[in-house]
Amino acid sequence: MIRKEAIKDRDNNKPTLYYPAGEVTPIPDIGEFPSLIQRVSDDSDDAQLPFKLPDFIGYDPSLRQKDDDVFDIEARFKLAAITADFVYYLDDEDGDDTANVVMLTREMKLVSDNFLAANDLVGLVEKNEGLLWISDVVQYWQREQYVKPEQITNEVNKKLEEVDLDKLTVEEKNIFFAYMQGGPIKYTKAESLMAVMANDLEEFSDQLAAIKELLLDNED
């Protein structure tokens, strides 16, 4: 059972408009986390929450702007990714990339809920770096945007399998091994190299540059 207690801000320890919801999700060897967090609105007349303010443990009355007894649920965020230090929740129905991610500490304190949180999660997913666990939604996002399995034709797969890993740049190797060995999802050699090429690098090795040209030709 999750207590209806406001999530506090990491910097000032004051209650926020976020609170845990859903069920507790146990993740082996990592921990237990609420499956959802919700942001409530403090200025709505159309109340939807099934509890009144006295039950909203930890809520700071100074945040209220009017005398409503209950609050609307403004947004719901699903457990999306976990690193050694942070937990990320994603509103996958909100198209606003600057407001659809909430970043918390592992102690469930609010770090960011703006574009900084979104950029942080995108960077982790893009490079598959530091991730201990990702949801099915994030896994699908990572595969479709970076691995792009539909582009791995027989011809492309043959070229990828022939790549000499020793000739990759240091940056290419870092991303390659993060995808193949480092993240919660282990990808094949071909898939990991596709993810390398999907990253916005300043320069690619000659091998991968040639395969990128092949991929562009296949799109025409």
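The values are calculated or read from the model by the stated rules, or taken from the named source; none is laboratory data. Everything quoted here is computed from the prediction, not taken from an experiment. Every residue, glycine among them, receives a Cβ derived from its backbone with ideal geometry; neighbour counts consider all protein chains shown. Surface accessibility is based on the protein's heavy atoms, side chains included, excluding ligands, DNA and RNA. Shrake-Rupley method; radii C 1.70, N 1.55, O 1.52, S 1.80 Å.
For this structure, a couple of remarks:
- Of the GluC sites (Glu not before Pro) in the stretch 165-220, the ones in a loop by DSSP (not H, G, I, E or B) with at most 15 other beta carbons within 10 Å are Glu202, Glu203.
- Electrostatic bookkeeping for Gly123 treats Lys and Arg as +1 and Asp and Glu as -1; over the other residues with beta carbon under 12 Å from its beta carbon, the sum is -3.
- Estimated FRET transfer efficiency when R0 is 25 angstrom, pair Ile27-Phe115 (beta carbons, to 0.05): 0.40
- Among 128-134, 144-150, the peptide with the highest mean count of other Cβ atoms within 10 Å heads the list, and the full ranking is 128-134, 144-150.
- These residues, Leu216, Leu165, Leu90, go from largest to smallest accessible area, 1.4 Å probe, as Leu216, Leu165, Leu90.
- Put the Cα centre of the stretch 145-220 next to the Cα centre of the stretch 77-141 and the gap is 24 Å.
- Apportionment of accessible area to carbon and sulfur, the stretch 97-220, percent (1.4 Å): 48 percent
- Cut-off 18 Å, label 7 Å out along Cα→Cβ of Asp166, residues of the stretch 181-220 by amide N: 205-208
- A cut-off under 11 angstrom between Cβ atoms defines the neighbours of Glu107, and their net charge, with Lys, Arg +1 and Asp, Glu -1, is +3.
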